[in-house]
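S.K.: Mind having a look at this structure? Questions to follow.
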């Protein structure tokens with residue numbers, strides 16, 4: 001595995017939003033399994049449920065998207081990874097100390113970048129400008145989407 005996508009990218013991949021076409025095009029051209037961690041699990045499932053709460057998707061669509069994601073894990077679309085939490089926290093604190101006051105990064109964004117670093121991933125996929133800036137500052141390659 002040499003690519004880590006943030007949850008926003010994965011949500012765009014599975015549901016219809018402004019970035020879905022780009023996410024699907026990127027996925028088709030790269031054809032690799034995407035890393036899936038505990039943070040993706042929590043954040044993805046909550047993001048889809050939040051879309052239902054906001055009436056952006058119907059409850060039955062929420063169930064379909066969550067089921068499709070679960071099948072993706074079973075079928076190898078996603079690759080489960082379990083970075084050491086203590087190490088992720090250590091790296092996240094270091095990143096926060098170095099970059100939050102300069103880049104305005106949020107905690108979950110820092111955790112994603114920290115996970116990528118702990119997993120020794122060299123490429124980070126995101127639509128989020130601040131998260132992309134953090135990933136670049138941390139030494140990760142961030143392709144333009």
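The values are calculated or read from the model by the stated rules, or taken from the named source; none is laboratory data. Since the structure is predicted, the reported quantities are computational estimates derived from the model, not experimental observations. Virtual Cβ from ideal backbone geometry, glycine too; neighbours counted across all protein chains shown.
S.K.: Considering every residue within the stretch 74-86, establish whether at least one is at pLDDT 95 or above and either more than 20 Å from residue 135 (Cα to Cα) or assigned to a helix (DSSP H, G or I) (or both).
M.R.: yes
S.K.: Looking at the stretch 12-43, which of its residues are touching a strand residue (DSSP E or B) at 6+ places or on another chain (Cβ under 9 Å), modelled with pLDDT of 85 or more and not in a helix (DSSP H, G or I)?
M.R.: 34, 35, 36, 37
S.K.: Just one of (1) closer than 23 Å to residue 17 by Cα; (2) at pLDDT 95 or above trips up residue 68, so point out which.
M.R.: Single failed check for residue 68: (2).
S.K.: Go through the stretch 121-139 and give me each residue that's part of a loop (DSSP other than H, G, I, E, B) and within 18 Å of residue 32 (Cα to Cα).
M.R.: So the first thing to find is which residues in the stretch 121-139 are part of a loop (DSSP other than H, G, I, E, B), and the list is 121-122, 126-128, 138-139.
Within the stretch 121-139, 121, 122, 126 qualify.
S.K.: So, in the stretch 104-120, of the ones that are in a loop (DSSP other than H, G, I, E, B) and in contact with a helix residue (DSSP H, G or I) (Cβ under 8 Å, 6 or more places away or on another chain), which residue ends up nearest to residue 80 (Cα to Cα)?
M.R.: 106
S.K.: Using beta carbons and a limit of 8 Å, which pairs, at least six apart or on different chains, have the first residue in the stretch 49-75 and free of Cβ contacts under 8 Å to residues at least 40 places away in the same chain and the second one surrounded by fewer than 15 Cβ atoms within 10 Å (Cβ to Cβ) and not in a loop (DSSP other than H, G, I, E, B)?
M.R.: 52/59; 73/80
S.K.: Here is a follow-up. Here's a check for you: in the stretch 121-140, which residue that is out of contact with any helix residue (DSSP H, G or I) (no Cβ under 9 Å at 6 or more places or on another chain) and either at pLDDT 95 or above or within 17 Å of residue 42 (Cβ to Cβ) (or both) is surrounded by the most Cβ atoms within 10 Å (Cβ to Cβ)?
M.R.: Only one residue tops the list, namely 132.
S.K.: Give just the number: which of (1) within 20 Å of residue 36 (Cα to Cα); (2) exposed (fewer than 13 other Cβ atoms within 10 Å of the Cβ); (3) in contact with a helix residue (DSSP H, G or I) (Cβ under 6 Å, 6 or more places away or on another chain) does residue 86 not satisfy?
M.R.: (3)
S.K.: Then there's this: Residue 105 fails exactly one of the following numbered conditions: (1) modelled with pLDDT of 95 or more; (2) surrounded by 13 or more Cβ atoms within 10 Å (Cβ to Cβ). What is the number of that condition?
M.R.: Exception for residue 105: condition (1).
Let's see how each residue does on (1) closer than 30 Å to residue 139 by Cα; (2) more than 19 Å from the chain's Cα centre (by Cα); (3) in a loop (DSSP other than H, G, I, E, B):
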residue: 45; (1), (2), (3): yes, no, no
residue: 67; (1), (2), (3): no, no, no
residue: 92; (1), (2), (3): yes, no, no
residue: 102; (1), (2), (3): yes, yes, no
